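See below for the structure under consideration.
The values are calculated or read from the model by the stated rules, or taken from the named source; none is laboratory data. Fair warning: this is a prediction, and the values are worked out from it, not measured in the lab. With ideal geometry, Cβ positions are generated from the backbone for all residues, glycine too; neighbour counts draw on all protein chains shown. Quick note on the areas: whole protein, heavy atoms, side chains included, nothing else; ligands and nucleic acids left out. Shrake-Rupley method; radii C 1.70, N 1.55, O 1.52, S 1.80 Å.
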Amino acid sequence: MAPKRSIYETDLPQTAANFAALTPLGFLFRAAAVYPSKTAIVHGKTRINYARFAARVRCFAHALVKRGLKQGQTVAILAPNIPAMLEAHYAVPLAGGVLNALNYRLDAATIAFILDHGEAKFVLADREFAATLQAALALCKSKPTVIDIDDRAYTGEGPRLSALDYESFLAEGTPDYAGRWPSDEWQAICLLYTSGTTGDPKGVVYHHRGAFLNALGNALTFGLRPDSVYLWTLPMFHCSGWSYTWAVTSVGGTHVCLRKVEPGAIFASIEANAVTHMCGAPIVLNTLAHAPANLRRKLKNRVEVMTGGAAPPSAIIAAMEELGFRVTHAYGLTESYGPATLCEWQPGWPDLPLEERARLMSRQGVAYPTLGALAVLDVATGHPVPSDGATLGEIALKGNTVMKGYLKNPKATKRAFKNGWFRTGDLAVRHKDGYIEVKDRSKDIIISGGENISSLEVEEALYRHPAVMEAAVVAKPDPKWGETPCAFVALKPDAVGISGQELIAWLRGRIAGFKCPRYVVFGALPKTSTGKIQKFMLRQRAQEIA
Ligand code: ADP
């Protein structure tokens, strides 16, 4: 006899009335209906209200369709944080397309690789990056249709690549265009390439469902509200702006654009626009904390800042809190739509001395409410490591906010998804309270005389020295120990000079002797466009030290 079906499995059909594909597109049209005349986007002196934002997006989507964009085709964009970049995050998926936001610091050859690999049909480019795109297009196997973006706030040079400019393109569409809404929430929405320091970049594919959920996860965890004013200090090309492109709109908040991440412009915008929220890599926080006094402004109101993308040393968290910022620490990857974990505050933390709180907050924390599960797995056995704050394992994630996979790269996709988990390649411990703490990327860990040395732990100690502004520690090959730590240090502009030997001696009392760097190199540190220190370059430099 067939097993009896549950009473809940009959007569309760799934219909259009009670089931719809999750998509962040609805956020915009809801905000436009609820707050039509509220400022959605600020860009210099330009103000775009929600009704206009939505109308421009419909025009943009319609124009793409009229010019031949088909369902599931790619539209690339090369632009800083300007209104067109934000509009593209809605218009391209509304046209049924997939948005490929490009990192504008990439070289022409890499951009050409990405445009070909993603099979972009259109590419929109801000004049500032038009020369790079021109060089890239010369290398491309197939040529997408180019649309120039003439941003009024840009006064520099840049060739014209097309007869088509962004505003005239929008005028080709109508604001009544209904759009091609996804029938399936698993449909691709964005294509984002990882940095590719170990070969060709990989194209991470996002779906509508994940974008919807991570946006709401952000809004919840970061406390976004309709009166929130969000300053775009994080590039939108980086994990779709960690999904804040959609999160801010989901509450009907205000997006404040910013072409360049400079301390003077940031402080001025915070003051002029009464900014309440912003995100940035720890390095961005560090440049704010150490900005020259004439650029710094006293915050009138507390500004919430989410940091991640690299480990924020507790000294940076403490310096930001002293300036009046409240720091939320998050961890994630391109593959997880940006933040997947955060260091939730516990009752009692606000009363702790700043230094102690900063130490707790420099951990990567617990799962986002929208993530399925977070684990730290033993690299060999795949079993969860004990919550002892000492056993090292690999961070693994699962759930609806993990990418679909890598575009046209089944091998890499298969490698990333193992036993129902997405393996991040980051090494961490889990503390007694369940919070995780990243110790290193697996490729950054230093193995000296058979012992693991967490580069982050040594950096954390270095940042505590009053003269140190930035520090990075990498492995240097060593005939006796296999590898030995080598520190690269940038001193604060007003710091009294210090020698490498003095710094090493200072560290000796603070961390185990075998973890102390043998070499210290002073000078500026190379960084990526998202503010990460480029350790692979430092590793090369370390090798060259005699
Ligand atoms: P990439 O840095 O490779 O260009 P991602 O932006 O996807 O690409 O970076 C994700 C990586 O950044 C993670 O795998 C991790 O190594 C690092 N990361 C992100 N957030 C944190 C954090 N809060 N603490 C330490 N490392 C982090």
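Under the criterion of Cα pairs below 8 Å and six or more residues apart, the relative contact order for the chain equals 10 percent. The accessible area of LEU354, taken with all protein chains in place and a 1.4 Å probe, comes to roughly 50 Å². For the pair region 314-387 and region 157-202, the centres of their Cα atoms are 33 angstrom apart.
Normalised per residue, the accessible area of the chain is 42 Å², obtained with a 1.4 Å probe and no contribution from ligands, DNA or RNA.
The listed peptides 368-374, 81-87, ordered by packing as a protection proxy, come out as 81-87, 368-374 (highest mean of other Cβ atoms within 10 Å first). Residues TRP349, TRP481, ordered by accessible area of protein heavy atoms at a 1.4 angstrom probe radius and largest first, appear as TRP481, TRP349. For region 229-385, what log10 I(q)/I(0) values come out of the Debye formula at q = 0.16, 0.18, 0.19 1/Å, with one point per alpha carbon and no solvent? With no solvent term, the Cα-only Debye profile gives -0.93, -1.16, -1.27.
Each Cα pair under 8 Å and six or more residues apart adds its separation to the average, and for region 1-56 the resulting relative contact order is 24 percent. Cα centroids of region 246-288 and region 16-44: 21 Å apart. Surface composition of the chain: carbon and sulfur make up 54 percent of the accessible area, probe 1.4 Å.
Of the residues TYR368, ILE82, LEU28, the one whose Cα sits farthest towards the positive end of the charge dipole of the chain is LEU28 (charges of +1 on Lys and Arg Cβ, -1 on Asp and Glu Cβ, taken about the Cα centre). Straight-line reach from LYS443: taking Cα to Cα under 20 Å and skipping same-chain neighbours fewer than 8 places apart, the aspartates and glutamates in range are ASP200, GLU335, ASP378, GLU394, ASP426, GLU451, GLU457, GLU459, GLU460, ASP478, GLU483, GLU544. Over the chain, dividing the summed -39,500 (n - 2.57) contributions of all DSSP H runs of at least 4 residues by the number of residues returns a 222 nm mean residue ellipticity of -8500 deg cm²/dmol.
Could the peptides 453-464, 413-424 be put in order, highest first, of the mean number of other beta-carbon atoms found within 10 Å of their residues?
Numbers: 453-464: 22.4, 413-424: 15.8.
Per-residue mean Cβ counts within 10 Å order the peptides as 453-464, 413-424.
The Rg/Rh ratio for region 1-129, using Cα coordinates for both the radius of gyration and the Kirkwood hydrodynamic radius, is 1.16.
Past 26 Å, Cα to Cα, is the threshold; run LYS300/LYS532; LYS398/LYS535; LYS439/LYS535; LYS300/LYS439 against it and keep the listed order.
Working: LYS300/LYS532 30 Å; LYS398/LYS535 28 Å; LYS439/LYS535 15 Å; LYS300/LYS439 36 Å.
In this structure, LYS300/LYS532; LYS398/LYS535; LYS300/LYS439 exceed 26 Å between Cα atoms.
Taking a ≥ b ≥ c as the square roots of the eigenvalues of the Cα gyration tensor of region 131-192, is the shape rounded (a/c under 1.5), prolate (a/b larger than b/c) or oblate? Before the final figure, lay out each step's value.
Numbers: a/c = 2.30, a/b = 1.40, b/c = 1.64.
Cα axes put region 131-192 in the oblate bin.
So for region 1-129, averaging the separation of alpha carbon pairs under 8 Å that are six or more residues apart and normalising by length, what relative contact order in percent results? Walk me through the intermediate numbers first.
Working: 142 pairs, mean separation 28.4, N = 129.
Once normalised by length, the contact order is 22 percent.
Taking the longest Cα principal axis of the chain as reference, the axis of helix 535-544 is set at about 40 degrees. If you model region 329-391 as an ellipsoid using its alpha carbon gyration tensor, with each semi-axis the square root of five times an eigenvalue, the axes come out at 24, 17, 10 Å, biggest first. Restricting the trypsin sites (Lys or Arg not before Pro) of region 294-400 to loop positions (DSSP other than H, G, I, E, B) with no more than 12 neighbouring Cβ atoms within 10 Å leaves LYS298, LYS300, ARG302.
Note that region 265-279 has calculated 3J(HN,Hα) couplings of 5, 5, 4, 5, 5, 4, 6, 5, 9, 6, 4, 10, 9, 7, 10 Hz, one per residue in order, obtained from phi through the Karplus relation 6.51 cos²θ - 1.76 cosθ + 1.60 (θ = phi - 60°); glycine and proline are x. Both radii were evaluated on the Cα set of the chain; the Rg over Rh quotient, with Rh as the Kirkwood radius, amounts to 0.97.
Sorting the segments 92-103, 138-149 by their residues' average number of neighbouring beta-carbon atoms within 10 angstrom, most packed first, yields 92-103, 138-149. Dipole of region 114-192 computed with +1 at Lys/Arg Cβ and -1 at Asp/Glu Cβ about the Cα centre; of HIS117, GLY156, ALA171, farthest Cα towards the positive end is HIS117.
Projecting the Cα positions of LEU99, SER454, TYR337 onto the charge dipole of the chain (unit charges on Cβ atoms of Lys, Arg, Asp and Glu, taken about the Cα centre) puts LEU99 furthest along the positive direction.
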